[in-house]
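Input: a single structure, listed below in structure tokens.
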Amino acid sequence: MRMCAKQSVLLLVDLQERLLPAIHDGRSVVAHVSWLMGVAQALGVPVLASEQYPQGLGATLSTLRSQLKTGAVVEKEHFSAVSGGLLWKAPGGERHQWIVTGTETHVCVQQTVLDLLAAGRRVFVVEEGVGSRQERDKQLALERMRSHGADIVSREMVAFEWLERANTDVFRTVLKTFIR
């Protein structure tokens, strides 16, 4: 199954101010997520974000939050962003394909992905768009999510499947702005 822009939503799990400094290669994770957000916005793919206990961990990074639409941020106390049902009510929450990024891979990302799968959604985890404090935890979580039915993909796999074809104005825009 390919990712389709009209069926997809991009989810940013807990990319928060006080958590990111502890994430292995956190700046790179944020750069990849920001890139993918730009592609999503160019193609009209809704972008949602969750925040784990923002009073303690801070808000979503301002560089990412400034790109989000009103109503796109869901606050949570459970590790899974699915718990409580608020994601389903957010703009794009009804879509079938979920492209997932965020932190920590082995905690909130993994629990969210497993719950999305249990709810019948098709889930694609962007390998360079997720991170944990320890690289080993990230790798174990990716293996576990894959074994339960999530596809592990790269950001370019997402972009090119969303684009579907070359020789269109949107392809040229995305190519010029994000790929080259």
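For the chain, the relative contact order works out to 27 percent when only alpha carbon pairs closer than 8 Å and six or more residues apart are counted. With the cut-off at 1.5 for a/c, could you classify region 1-94 from its C-alpha gyration tensor as rounded, prolate or oblate? Oblate, since a/c reaches 1.5 and b/c is not below a/b.
Placing one equal scatterer on every Cα of the chain and applying the Debye formula, the log10 ratio I(q)/I(0) at q = 0.09 Å⁻¹ is -0.27. Rolling a 1.4 angstrom probe over region 59-178 with all protein chains present gives an accessible area of which 49% lies on carbon and sulfur atoms. Segment residue 119..residue 57, full-extension length gain: 19.6 nm, with 0.36 nm per residue of separation and the alpha-carbon distance subtracted. Restricting the calculation to Cα atoms, region 51-114 shows an Rg/Rh of 0.93 when the hydrodynamic-style radius is the Kirkwood one. Residues in the chain average 48 Å² of solvent-accessible surface per residue, probe 1.4 Å, ligands and nucleic acids excluded. Rounded if a/c is under 1.5, else prolate if a/b beats b/c, else oblate: with a ≥ b ≥ c from the C-alpha gyration tensor eigenvalues square-rooted, which is region 83-174? Note, shape of region 83-174 comes out oblate.
When 168, 60 are compared by accessible area at a 1.4 angstrom probe, the order from most to least is 168, 60. Label point of residue 134 set 7 angstrom out along Cα-Cβ; within region 20-41, amide nitrogens under 13 Å from it belong to 24.
Can you give me the C-alpha center-to-center distance between region 47-73 and region 123-139, rounded to a whole angstrom? Between the Cα centres of region 47-73 and region 123-139 lies a distance of 19 Å. Helix 26-43 and the long axis of the chain differ in direction by around 40°, with both axes built from C-alpha atoms.
Pairs of Lys residues in the chain are counted when their Cα atoms are under 25 angstrom apart and they lie 8 or more places apart or on different chains; the count is 7.
The values are calculated or read from the model by the stated rules, or taken from the named source; none is laboratory data. Values in this document were obtained by computation on a predicted structure and should not be read as measured data. Because the Cβ atoms are built from the backbone with ideal geometry, glycine has one as well, and the counts that use them run over all protein chains shown. In case anyone asks, the SASA skips ligands and DNA or RNA and just uses the protein heavy atoms, side chains included. Shrake-Rupley method; radii C 1.70, N 1.55, O 1.52, S 1.80 Å.
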